[in-house]
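Working notes, beginning with the structure itself.
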Amino acid sequence: MAADTAPPDLVTTDLVVGGMTCAACVRRVEKKLGALEGVRATVNLATGRARVEHPAHVGTASLVEVVERAGYAASVPAPPATADGKEEGQEPQERFPQRLLVTAVLAAPVLLLSMVPSLQFRNWQWLCFVSAAPVALWSAWPFHRRALRGLRHGTATMDTLVSLGVLASFSWSAYALFLGGAGDPDMRMPFTLLPGASHGVAHLYLEAVVSVPLFVLAGRHLEARARRGTSAALRSLAELGVKEVTVQEGGSERCIRAEHLGVGQVFVVRPGERVAADGVVVDGTSAVDLSLVTGETRPVEVSAGSSVTGGAVNAGGRLRVRATAVGGDTQLARITALVAEAQAGKARAQRLADTVAGVFVPAVLTVAVTVLGFWLGAGADVQPAVTAGVAVLVVACPCALGLATPTALMAATGRGAQLGVLVSGPRALEALRRVDTVVLDKTGTLTSGRLDVTAVTVREHGLTAEEALRLAANVESGSEHPLGRAVVAHARRRLGEEAVEPRALSGFRATPGSGVQGTVDGRPVAVRAPEGELTGALGSALAAALESAHTPVVVHVDGQAEAVIALGDVVRAGSYHAVDRLRRLGVRPVLVTGDREAPARAVAAALGIEEVHARRTPEQKAAFVRSLREEGRRVAVVGDGVNDAAALAGADLGIAMGTGTDVAIGAADVTLVRDDIEALADAVRLARRTLATIRGNLVWAFGYNAVTVPLAMVGLLSPMPAAAAMSLSSVLVVLSSLRLRHWQPAPAPARRPRSFSSAR
């Protein structure tokens, strides 16, 4: 069912939130914003953004103030024209890897000497202490700062755990060096992955002091790079926009910024340039590449009167285009907005994860204190007790919980946009995965929605099909009738532009309700509605056309019936394979159309659809969808017209063809941008793969903490491997999501070119 729209008195504002590091931060920001009356917020850790629905009287300044009082930075997103390309929602210290590099240089000797006892020389521990001190204070400063900020606001986050772990390890090591006997110049310390006492000498945990910041910084650096990868598709869409455009006014050309282009202005697109805005070609012919906008892999031929989409690449000749939509009204802008909207949402599973994360850090702190007290109360040495408590602090990781869903959604919606499938958000994705029945419209969805020649049949021992079509197209070139235009267009596609030459026609005359006639190359040619009986191949072709609800016309040359041309609304390329793939995915196809019974049955038979409902009004379509849902079916409706809008809105999932009306697209949850119904099966498979990835991410995130925290509690995990495991958990979740960037739809079978149907 289409997502509920906000009440009229609510407005939506996006905020960039800085300083968030884990799902606990997300939960806190949402809770603080949600405490305002009438305000509802969704915060995305992966993008560092908050989408806030609020009453109009609650200004942006109030929202920013609330976020800042919660301990985080907040601002309104910069417009694309002034964006500096840096990652939003991150603090300056984390934008570059200098801190990581310095930490690695300082940590290397500490780790080497601590882990390889044979390299330990006289006073080695003091060298390690000197190297570890800057790491504990400067390298880990971002964690300390955020932990202090959280403490001032009465909250604890992942940074609190890291900060406490580092400070506890460093403080214990300083005590050991200065008061615990570890400062002896000849002291040697064996390396072990398990905590334990060191024969009366306090153990040093300097390797934990350096390894925790090193691994966490390295993990966040890799995580940030991977997260940038998940949003690569959205950035590539934004980069398709043209910054400058050449406009033509009064016979002269001048260059202006693209945002100053207005509707109705004529602009020039040279070979290799991108189209600046949606428009109609005024003059020129070319092929345009729409692959980055709609996922259509084949170049589209355009000429005067053809529509072009902003962001498409002109691969051929020079075009003059009159702008019909500019700025945020262009198809490219709508696609970008839909992708961004989808990435801002949350799946139901992620809301559960965020709820858990909200109490996760306080629970871990409680567990760490309890573990320390238990070990000491059980008579254990202070050293392993402190080690177990520090390990609990370090190994716990709510970051993976916060990243499990948003990174997968970012990768999937971006990949879907590249393939011409726009999903409005997580709810639509979940509904798409569960669909078991798809209601398909006929005209404009399974068929092209326009007249075309379906067959040319000639009499035995007469003209060839090509010659009959050429003569018919030339005589029809003088007609404005839709049938005539369809014949001419078909001839030009099949025989070439030069086949139709208006100068070859003379004596043209049209008879309303009957047909047209004229002289072509000195031969009398007439194209008329069928009159009387036809025999042989022509009679069979006429009967077949009428049986399939197509419109037949008879071509007469020199007074002799030479050919029957059948015209109709042709089935879209790929419709058969799309229906077949849906069936294989366990989805039942149903054809529901307002068209007559005969053409509906003909299309259904051609595509292998068994259930057909013809002559249905928009109200009857919506009622039919309701009846299917009452039977317990999960229903998706695919349509492209105003008459489909009610059914689209009333289904579990509405799917609109991108070539359809704005009303249909507005009522839909999914839009198939590319002019290919096979994208529907791709959308179902992508949804199922995405939800499977999200489930796998969440299982890993919950399972990781369920296993590692108990190990740390019982003393089977020391701080250094705990830090590595904690960092690795988030990186693995993001890398799992990144696989969706390379997801490929099932290859479509090779399409054979349609040949002429001729009888000799």
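Is it fair to say VAL130 is under 30 Å from GLY180 (Cα atoms) and either modelled with pLDDT of 85 or more or assigned by TED's automatic domain parsing to the domain that holds LEU36 (or both)? Yes, satisfied. Here GLU498 does not fit the description of being part of a loop (DSSP other than H, G, I, E, B) and surrounded by fewer than 17 Cβ atoms within 10 Å (Cβ to Cβ). Residues that are basic (Lys, Arg) and not in a loop (DSSP other than H, G, I, E, B) were ranked within segment 247-275; the one that is nearest to VAL313 (Cα to Cα) is ARG274. Among the residues of segment 24-45, the ones that are in contact (Cβ under 8 Å) with a residue 60 or more places away in the chain, over 19 Å from ALA156 (Cβ atoms) and β-branched (Val, Ile, Thr) come to 1 in all. Restrict the check to segment 549-559 and report whether at least one residue is modelled with pLDDT of 90 or more, among the polar types (S, T, N, Q), out of contact with any Pro (no Cβ under 6 Å at 6 or more places or on another chain) and within 30 Å of GLU678 (Cα to Cα). The answer is no, given that none of the residues of segment 549-559 is modelled with pLDDT of 90 or more, among the polar types (S, T, N, Q), out of contact with any Pro (no Cβ under 6 Å at 6 or more places or on another chain) and within 30 Å of GLU678 (Cα to Cα). No other residue among LEU546, LEU582, LEU534, LEU591 is among the hydrophobic types (A, V, I, L, M, F, W, C), surrounded by fewer than 21 Cβ atoms within 10 Å (Cβ to Cβ) and either closer than 17 Å to LEU463 by Cβ or touching a residue at least 12 places away in the same chain (Cβ under 8 Å) (or both) apart from LEU534. Screening HIS461, HIS556, HIS481, HIS490 for residues that are on the phi > 0 side of the Ramachandran plot and of a type outside the set (Asp, Glu) leaves exactly one candidate, HIS461. Could you say whether any residue in segment 735-743 is among the basic types (Lys, Arg) and at pLDDT below 85? Yes, there is a match, as at least one residue in segment 735-743 is among the basic types (Lys, Arg) and at pLDDT below 85.
Among the strands (runs of 3 or more DSSP E) lying completely within segment 548-628, list those that include at least 2 residues that are in contact with a strand residue (DSSP E or B) (Cβ under 8 Å, 6 or more places away or on another chain) and in the same structural domain as GLU460 (by TED's automatic domain parsing).
551-557, 560-571
May I ask you to list the residues in segment 149-163 that are within 16 Å of LEU217 (Cα to Cα) and of a type outside the set (Ser, Thr, Tyr)? Once the filter is applied, which keeps residues that are within 16 Å of LEU217 (Cα to Cα) and of a type outside the set (Ser, Thr, Tyr), segment 149-163 yields MET158, ASP159, LEU161, VAL162.
Considering only segment 113-123, I want to know if a residue exists there that is in a loop (DSSP other than H, G, I, E, B), over 36 Å from the mean Cα position of the chain (by Cα) and either among the aliphatic types (A, V, I, L, M) or surrounded by 15 or more Cβ atoms within 10 Å (Cβ to Cβ) (or both). Quick ask: steps written out before the conclusion?
Going through segment 113-123, the residues in a loop (DSSP other than H, G, I, E, B) turn out to be 116, 120-123.
Subset that is over 36 Å from the mean Cα position of the chain (by Cα): 116, 120-123.
Next, from what is left, pick out any that are either among the aliphatic types (A, V, I, L, M) or surrounded by 15 or more Cβ atoms within 10 Å (Cβ to Cβ) (or both): 116, 120.
For segment 113-123, residues in a loop (DSSP other than H, G, I, E, B), over 36 Å from the mean Cα position of the chain (by Cα) and either among the aliphatic types (A, V, I, L, M) or surrounded by 15 or more Cβ atoms within 10 Å (Cβ to Cβ) (or both): present.
Quick one: how many residues across segment 164-190 are polar (S, T, N, Q) and without any contact (Cβ under 8 Å) to a residue 60 or more places away in the chain?
Qualifying residue count, segment 164-190: 2.
I'd like to check something: does segment 230-246 contain any residue that is farther than 30 Å from PRO142 by Cα, in a strand (DSSP E or B) and modelled with pLDDT under 85? The answer is yes; a qualifying residue exists. Quick one: is ALA140 crowded, with 21+ Cβ neighbours inside 10 Å, modelled with pLDDT of 85 or more and more than 37 Å from the chain's Cα centre (by Cα)? When the stated conditions are applied, ALA140 does not pass them.
Condition check ((1) in a helix (DSSP H, G or I); (2) basic (Lys, Arg); (3) under 30 Å from GLU610 (Cβ atoms); (4) without any contact (Cβ under 8 Å) to a residue 12 or more places away in the chain) across all residues:
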| site | (1), (2), (3), (4) |
| --- | --- |
| ALA408 | yes, no, no, no |
| THR413 | yes, no, no, no |
| SER448 | no, no, yes, no |
| LEU471 | yes, no, no, no |
| SER479 | no, no, no, no |
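When ARG695, ARG689 are checked against the criterion of being of a type outside the set (Phe, Trp, Tyr), surrounded by fewer than 22 Cβ atoms within 10 Å (Cβ to Cβ) and within 15 Å of THR413 (Cβ to Cβ), ARG689 stands alone in meeting it. Filtering segment 152-170 down to residues that are at pLDDT below 80, surrounded by fewer than 24 Cβ atoms within 10 Å (Cβ to Cβ) and touching a helix residue (DSSP H, G or I) at 6+ places or on another chain (Cβ under 8 Å), which residue is nearest to GLY71 (Cα to Cα)? Among them, the one singled out is HIS153.
The values are calculated or read from the model by the stated rules, or taken from the named source; none is laboratory data. Fair warning: this is a prediction, and the values are worked out from it, not measured in the lab. Please note: Cβ atoms are built from the backbone with ideal geometry, for glycine as well, and neighbour counts cover all protein chains shown.
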